[in-house]
Each structure stands twice: as C-alpha cells, then as structure tokens.
1. Angle, helix 112-124 long axis vs. longest principal axis of the chain, Cα atoms, 0 to 90°, nearest 10?
2. Residues with beta-carbon under 14 Å from that of Gly394, excluding Gly394: net charge, scoring Lys, Arg +1 and Asp, Glu -1?
3. In nm², what is the average projected area of the convex hull enclosing the Cα atoms of the range 1-165?
4. Starting from the amide H of Thr299, placed 1.01 Å from N in the peptide plane, find each other amide H under 5 Å away whose residue is 5 or more places distant or on another chain.
5. Please give the calculated 222 nm ellipticity per residue for the chain, where each DSSP H segment of at least 4 residues contributes -39500 (n - 2.57) and the sum is spread over every residue; nearest 500 deg cm²/dmol?
6. Return the Cα extents of the range 321-515 along principal axes one, two and three, sorted largest first, each rounded to a whole Å.
7. Lys/Arg Cβ at +1, Asp/Glu Cβ at -1, dipole of the chain taken about the Cα centre: which of Gln387, Ala514, Ala219 is farthest positive-ward?
8. Apply 1/(1 + (r/R0)^6) to the Cβ-Cβ distance of Tyr95 and Val15, taking R0 = 22 Å, and write down the FRET efficiency to the nearest 0.05.
Amino acid sequence: MQQHQDRTADRYGFVQRPETRWLGVPSRGAAIVGGRLALDGVTLCGDPFGPNPELDAAALSELHGFRWLDDLAAIGTPEARSLGQTRVLGWLSRYPGGPPAEGWRRAPVWWPQTAGRRVLSWVSHGGMLLPGLDRSEAAPIFDALHADLAHLMRHAQAAPPGAARIEAMAGAAIAAMSLRGAEGDIAPALAALAEAAPDAFHTRRPEGLLERTALLVWAAELADEGGHPLPGAIRATLNSALPVLRGLRHADGGLPRAHGGGAGVPGRLDHVLRAGGRIAARVAEGQALGFGRIARGRTTVICDLAPPPRGPLGHAGALGFEVTVGEHPLVVACGSGRRLPAPWPEASRATAAHSSLVLDNCSLTRLRPDGALQPVSVVAAPAVPGQLAGWHDGWLASHGVQHHRSLRLSDDGLSLLGEDQLLSAAGTQDGHDLQVTLHFHLHPHILAHLIGPAEGVTLTLPTGTAWQFRSASDAPLALEASAWVEPGHPGPLATQQITLRTSVGRMPVSWSFAQV
C-alpha cells in the first residue's frame, strides 16, 4: 500500500460519531476494573503497561492491541469508561513518538497486526475514550491513530498471512474511513484488504472465521455509508463466509467451541449475520469448515468431521459433537485451556476433553514436541438429511482400528441416536480386550442424575425440561467430574460428564439422548 493521506485537512476528529462496535465479556471487564487483566497465558495486576519481563511476544501483542477495551465496554459503568481512558492516555505517555522507522519488527507493540487491533479498538471505543477531553487533550489520541494508520499503510503486508494480516489490513481500511484527514488512504487500504480477504477461510476455528468476517462486514458497512466503492473480493468473501457462519450457528446463537476458539461473545454472531442481510439468510450446503450440522426443531447437533489443524491450536477432537437445545447447550466440549496454567493447555486438546471416544486411554493423535498434532485422516460419510457420520484412522497405526461414528436426529429434534464402532481397515474387529471409553461432557447448567449403572442418566435443562441418556448395551454408565473452560473465568468451572466404558470386543455401542 502507498500512503496518500491529506495532511492539510483537520485530523482531530472522526468522520462520524463513533459507536461501540463490539462488546466483550462482562466478567473479564469486572476483573480489569478490579486490577487483573488476563492475557494469553498470564494475568497482569495493576498498571498493565508497567515493566512486565515475563510477557512473551504474543501476550505483548495482545496487551498493546487493546481488544480488552471490549470487556470494559461490556460493563459500561463510569468507572470502567474512566479506566479505559486512563489506560489509553497512560499508553500514549509511554509511546509518544509513534512507530519507529526502523526496528519495529522486533517490537510486538508495533507489529502490523498489533497496530491494526489497536486502531480498531480505539475507533470502536472512541465514545469511551474521548468524553471529558478538550481538543488539546484528545489530540494525542488522534495523532497516534494517524501514526498507526501511516505505519499500516507502509507495513501491513508484513503481517503473517491469515488472521494477523486481515487485522492489519482491516485496521488500515477502517481507520482510513473513520478518521478525518485520511480520505486519500481509503482506496488503497480497501484494495489491500481485498487481497487479504480470502485468508478468512484459512482456519478450522469457527470463532476465528467469525472474527475475520466481522471485520470485513464492518469495512463493508463503512464503505456503503461513506459512498466508497467496495472491492469485489471483499464482497465475494462475505458471500462465502456468511452462509458458512450461518451453517455453524447453534440454536443458542453460539459457535462450536473447537480448535482453540470459544462460542463467541454472546450476540456477536447474530449481529454479523444480521448485517449480512440477505446473504446471511442462506446456509452453506455440506460441511462448514469441516463441521457437519443438523438442525431439527429447537435442537442443533454439530460434529467435527475433518482432520484437526496441525498447529498449536488444533484439538484431537475428530468425531466429537455438541448438542444445543434452544438457548441451552447440553452436550459440549471442555473448551480451550490455552490461557490457563499447565496442565490445561495440553489437557484441553486431548480427545478425552471432547464428547467423543477414547481407545486404550490414548488420544486419537499425539502432540509433537513443537506443540503441533500428528496428522490424522478423517472421512465424512456422504450427506444424508438428519444424519451425520464419519470415521478416522487415529488409532490405525498404534492399535489397528478405525473409529466410526454415526448420529441421527429425529425430525422434531427431540431424540438423537448415536452409534460408535471400532473396526480394522479390513472391516473386522481386532484387539477385543482393549478398553473403550465414551465421553459425553455436559454444560455446567445441566443437572444430571444417574438412574442406575446401566439404565441411564436424567438431564434437566435450566427450563426444567428433562432429557435422558440411555445406552442399548449393558456397559456400565457413570457420572464423573469434568471441566468447562469459560472466557473470563480465572480457571475451569466444575461440571459433569457421562462416561460409558466397554471393550472393543463388545462394540458397536448404540446410545441416545431423548426428551422425556
């Protein structure tokens, strides 16, 4: 991108009155007001911009990207707004000169993706940052925004492909369309964002696709409001991404909690889908990011039917599934523990942390020393209305068997039938004595009562509606401790899981969840 800013115009203001674009998690905002800011793998107390030698590059980038202003905005109290303004002004006093001409690659505070997040946060929360400031007091905020914009116009392309580059490019485009005096940057910034837009799909993390699509929707809305031509590549990416997000939506408006991501900030997915209008009304056919979805009545079932990503965020959760009934998740995964201390980052990636099957106490794929997952093949069966099925070969090399799973949801959404089988590549059963454990993790709001060791489990939703889990085999059932990792909480929340233990020689195992 080339810089074309009009330096003669009035730079100290927004083109339109800023409106808070996103709200974060109130519990995280309350923790920040209380003096605790949780970043990726570390919690800071007091002034987060003081000396923090323990912060790695990723945490520094997150800190200086200011996305945590979303969490303060979610509270909306005068104390939260004042703290947000204080933190931004404090940051400006520490970095008054803006990005350096040289050496910025070695400083996460000036990485293009960090600068992109920062301008997006400051533009979105201008209504929180500016009240009570006169022109001279507000000028450093606008000077810093223009300095970051100029930095992005020169270096956004240096951000790593994928989410980081989209954040950098979107930061430039949205800042250019929002700041007075930046009109000359709008066209080149939008053109650069159009080049990066297809990278939105370079993920298997549903929340990641939502975050990237949300930025493209924001840019598209500003372009429409300002009368700026929207490049066709941005429009084409939205035409593809919005139906996929619709196809990943649970009945409660959340996303599958998979591969390092959560369900999304409440309301954000529906906001993006509404903004997409007619495009978002369509649902992508077939798999969406490798996930299969069934929706009947008020029930949604989403199953992971593709190989896990091999990077550090991938989870060994193939064939794991989630069930949501109306506004209430029923069957879940434990979630991502990457922000928690050991052993949670690794334990939450194991197969046992998902509603899936574990053979011989082994995950379906192992972690390499670099934190990536060993490759595994996952094959989805041809689509059949109301059904999902697939198999993976995660234990083929170690135990000689493949895991097959099928799911069938009734037309009224009140009964889910499942079957699990372990077969050799030749279709025979081997390793008859190997232990098999099926895990069905329950949301913390579900009240579970064991009817008997081989009879079933009664599950009561917050609405009082009761469901039952039953198995067609005589394998013993148990209710055991589990964990739910919720954004904004300092540690996992206690919950329960249904476990069913059997052996390979007693497979297949059929089971059901049904409303009673």
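Computed from the coordinates by the stated procedures, all read-outs in this text should not be read as laboratory data. Because the structure is a prediction, the values reported are computed rather than measured. As a convention, Cβ positions derive from the backbone with ideal geometry for all residues, glycine included, and neighbour counts pool all protein chains shown.
1. Taking the Cα atoms of the chain, the angle to 112-124 is about 80 degrees.
2. Within the 14 Å Cβ shell, the charges total 0.
3. Values: hull surface 39.7 nm².
Average projection, Cα convex hull of the range 1-165: 9.9 nm².
4. When sequence neighbours closer than 5 places are left aside, the close amide H contacts are Gly326.
5. Mean residue ellipticity at 222 nm (helix-derived): -9500 deg cm²/dmol.
6. 46, 39, 33
7. Comparing the listed Cα positions along the dipole, Ala219 ranks first.
8. Between Tyr95 and Val15 the formula returns 0.30.
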